[in-house]
Amino acid sequence: MVVTASIGIAAYPKDGKDADTLLRSADGAMYRVKERGRNGYQMCTQELGAPAQDRLSLENDLRRALERGELVLHYQPIVELGAARVVAQEALLRWNHPQRGLLYPDAFIALAEEAGLLVPIGDWVLRTACRQACAWQLPGQIEQRVAVNICAQQLQQG
């Protein structure tokens, strides 16, 4: 196993006058290293400040999205063309962000992975989709299967 480090460096007072600002600045510099392939270091620069703050803000919002009920599932029908009927639904994750509006997974899944939130979000998706599938199984309803995307980490946890 090879261990590498991605290091973001921020200096007081140029990159921040308090601990939170300094950490955000160093975090932004570290993400720049990761974008370039990892295993290196980056000094904080003026242009790194705003994206780092935006990323940290989005991560903090994502951590609270589950408890605030901001995640939603949209269901896309899967149609059997020969019979022209819906045979299943695919559960599609969306985040109804209070300021940014409806966000698609490409705006937050990589961030969720880096923040260690994929498993709790995936668990929520699976529970919610199963509840909906059960609701569709009520008497008189046509049987519906539900497809759910899960991450490898969920499979590994059992």
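The values are calculated or read from the model by the stated rules, or taken from the named source; none is laboratory data. In this text the structure is predicted, and so the values were computed from the model without any measurement. Every residue, glycine among them, receives a Cβ derived from its backbone with ideal geometry; neighbour counts consider all protein chains shown. Each accessible area value is taken on the protein alone, full model and side chains, heavy atoms only, with ligands, DNA and RNA left out. Shrake-Rupley method; radii C 1.70, N 1.55, O 1.52, S 1.80 Å.
In the set (1) part of a helix (DSSP H, G or I); (2) open to solvent by less than 70 Å² (accessible area, probe 1.4 Å); (3) among the hydrophobic types (A, V, I, L, M, F, W, C), the condition left unmet by LEU23 is number (2).
Quick grid of which residues meet (1) over 12 Å from the mean Cα position of the chain (by Cα); (2) over 24 Å from GLN157 (Cβ atoms); (3) free of Cβ contacts under 8 Å to residues at least 12 places away in the same chain:
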site	(1), (2), (3)
GLY69	yes, no, yes
ILE78	yes, yes, no
LEU81	yes, yes, yes
GLU90	yes, no, no
VAL119	no, no, no
GLY122	no, no, no
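Within segment 1-18, can one find any residue that is among the aromatic types (Phe, Trp, Tyr) and in contact with a strand residue (DSSP E or B) (Cβ under 8 Å, 6 or more places away or on another chain)?
Filtering segment 1-18 down to residues among the aromatic types (Phe, Trp, Tyr) leaves 12.
Then keep just the ones that are in contact with a strand residue (DSSP E or B) (Cβ under 8 Å, 6 or more places away or on another chain); that gives none.
Within segment 1-18, none of the residues are among the aromatic types (Phe, Trp, Tyr) and in contact with a strand residue (DSSP E or B) (Cβ under 8 Å, 6 or more places away or on another chain).
For segment 94-102, the condition of being open to solvent by less than 60 Å² (accessible area, probe 1.4 Å), at negative phi and in contact (Cβ under 8 Å) with a residue 40 or more places away in the chain holds for none of the residues. Selection of helices (runs of 4 or more DSSP H) fully inside segment 80-158 by the criterion of at least 2 residues being in contact with a Cys (Cβ under 6 Å, 6 or more places away or on another chain) returns 118-136.
When GLN144 is tested against (1) over 30 Å from SER6 (Cα atoms); (2) surrounded by 16 or more Cβ atoms within 10 Å (Cβ to Cβ); (3) at pLDDT 90 or above, exactly one condition is not met: (3). A single entry from ARG38, ARG32 fulfils the requirement of being among the charged types (D, E, K, R) and in a helix (DSSP H, G or I): ARG32.
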